[in-house]
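The values are calculated or read from the model by the stated rules, or taken from the named source; none is laboratory data. This structure is a prediction, so every number in the text was calculated from the model and none was measured. Note: ideal-geometry Cβ built from the backbone for every residue, glycine included; neighbour counts use all protein chains shown.
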2 protein chains.
Amino acid sequence: MQGYPEVTVLRYGHRPGRDDRMTTHVGLTARALGADRVVFPGNAGQSEQTVADITERFGGPFDVELTDELDAFIRDWDGFIVHLTMYGERLQDVESEIRRIHDDQRQPLLVVVGGEKVSFEVYEEADFNVGVTNQPHSEVAGLAVFLDHLFDGAELDQEYENAEQRVIPQALGKRVEEVDEE
Amino acid sequence: MQGYPEVTVLRYGHRPGRDDRMTTHVGLTARALGADRVVFPGNAGQSEQTVADITERFGGPFDVELTDELDAFIRDWDGFIVHLTMYGERLQDVESEIRRIHDDQRQPLLVVVGGEKVSFEVYEEADFNVGVTNQPHSEVAGLAVFLDHLFDGAELDQEYENAEQRVIPQALGKRVEEVDEE
């Protein structure tokens, strides 16, 4: 998000077919809640296409990429790493420290969102293993709450550039405006 | 959540097979983030079973129910209604009013989470149509951020009763305790 150091979300693991919607939702949630980029495993091309289409219609900047080297991507990250897991430290106990590193020290942040199998190396490479609650729920919900806390709600006011269409908030009904590019 | 008026989440619409995981994640997110109950459409029995199993293992109180009468459930709701939709008013503009009605006026809250087709009647029956951003993302992410704002983060400290097992937060690794019932 503008004014903040980079935030990249890495979806770790993807089973084509079974995970298509969850992976797509991870990407769209990353975009809507202030991240700058999402990286999917190489076999998630369908989700990549959906996220790219939404970004083209509703604006950016937001990047979506594929990688076949998830572990190398994590090892080589130049910044700090948060791995979201129900086994981790409580969000409310570590979030101020995470914000300090991100906002004050201006370090780029990689947020790793697990699929089914996360290797122990991910736990070790992460600077923080964080539980958005220590209950089983949804990686999409965990990512959403994490980003909202990271940005302290400021991402809700985010504006998008180069959109083809924009939703105008309404108390009742639906209103979508076509955006005229200058 | 204890100390708050009831919050029920209604999943509006479900396509068996295609929506199983999303509907399950709506239910698990409702449970983990402070709601008291989730209601699914009658054809979502598989998701109901998963949520009931998780509640038995990780504790409650939390109820999961099925209904074949979604519209009647909404019409007959004794309290106030928030419908989450990307076309609605901005969360940050209406959340203090919603908290006032819930916390101060002590009104039970029904949160309607759309699936594919939401009838216009739902928009009309809702006291608030609310967008957690006006961007397309995920009903699970929207529900998570909404509940976290409703409870102002207090739901993260929630404790569960009658759990068989409990995750102990860890900086590194996984620790799960079996709970001895007295």
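Odds and ends about this structure:
- Of the listed requirements (1) within 14 Å of another protein chain (Cβ to nearest Cβ); (2) assigned to a strand (DSSP E or B); (3) farther than 21 Å from A:Gly153 by Cα, A:Glu65 misses just one: (1).
- Residue match in the range A:72-80 (condition: within 13 Å of chain B (Cβ to nearest Cβ) and without any contact (Cβ under 8 Å) to a residue 60 or more places away in the chain): no
- Test for A:Asp104: is it surrounded by fewer than 16 Cβ atoms within 10 Å (Cβ to Cβ) and more than 20 Å from B:Ala32 (Cβ to Cβ): yes
- Check on A:Val145, at the interface with chain B (Cβ under 7 Å from one of its Cβ atoms) and either modelled with pLDDT under 95 or within 22 Å of A:Glu48 (Cα to Cα) (or both): no
- Positions within the range B:3-58 being farther than 22 Å from B:Val118 by Cβ, among the acidic types (Asp, Glu) and over 9 Å from the mean Cα position of the chain (by Cα), in sequence order: B:Glu6, B:Asp53, B:Glu56
- Test for A:Gly59: is it within 10 Å of chain B (Cβ to nearest Cβ), farther than 26 Å from B:Val26 by Cα and surrounded by 17 or more Cβ atoms within 10 Å (Cβ to Cβ): yes
Conditions (1) more than 14 Å from chain B (Cβ to nearest Cβ); (2) of a type in the set (Asp, Glu); (3) not in a loop (DSSP other than H, G, I, E, B), marked per residue:
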residue: A:Gln2; (1), (2), (3): yes, no, no
residue: A:Pro5; (1), (2), (3): yes, no, no
residue: A:Thr8; (1), (2), (3): yes, no, yes
residue: A:His14; (1), (2), (3): no, no, no
residue: A:Met22; (1), (2), (3): no, no, yes
residue: A:Val26; (1), (2), (3): no, no, yes
residue: A:Ala30; (1), (2), (3): no, no, yes
residue: A:Glu48; (1), (2), (3): yes, yes, yes
residue: A:Val51; (1), (2), (3): no, no, yes
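- The lone exception for A:Gly114 - which of (1) surrounded by 17 or more Cβ atoms within 10 Å (Cβ to Cβ); (2) at pLDDT 95 or above it fails: (2)
- Qualifying residue in the range B:92-106 (condition: assigned to a strand (DSSP E or B), touching a residue at least 60 places away in the same chain (Cβ under 8 Å) and more than 12 Å from chain A (Cβ to nearest Cβ)): no
- Selected residue [crowded, with 21+ Cβ neighbours inside 10 Å, within 23 Å of A:Glu139 (Cβ to Cβ) and at pLDDT 95 or above] from B:Val39, B:Val51, B:Val82: B:Val51
- Checking A:Arg18 against (1) modelled with pLDDT of 95 or more; (2) on the phi < 0 side of the Ramachandran plot, the condition it does not meet: (1)
- Candidate set from the range B:148-162 (those that are under 19 Å from B:Gln92 (Cα atoms) and of a type in the set (A, V, I, L, M, F, W, C)); member that is nearest to the other protein chains (Cβ to nearest Cβ): B:Ala154
- A:Thr85 within 18 Å of B:Arg21 (Cβ to Cβ), among the β-branched types (Val, Ile, Thr) and within 12 Å of chain B (Cβ to nearest Cβ): no
- Residue tally, condition within 11 Å of the chain's Cα centre (by Cα) and facing chain A (nearest Cβ under 8 Å), over the range B:124-140: 1
- Selection within the range B:109-149 - in contact (Cβ under 8 Å) with a residue 60 or more places away in the chain and in contact with a strand residue (DSSP E or B) (Cβ under 7 Å, 6 or more places away or on another chain): B:Leu109, B:Leu110, B:Val111, B:Val112, B:Val113, B:Gly114, B:Gly115, B:Val118, B:Val122, B:Glu139, B:Leu143, B:Phe146
- Checking each residue in the range A:107-122 for being farther than 29 Å from B:Gly60 by Cβ, outside any loop (DSSP other than H, G, I, E, B) and within 18 Å of the chain's Cα centre (by Cα) picks out A:Leu109, A:Leu110, A:Val111, A:Val112, A:Val122.
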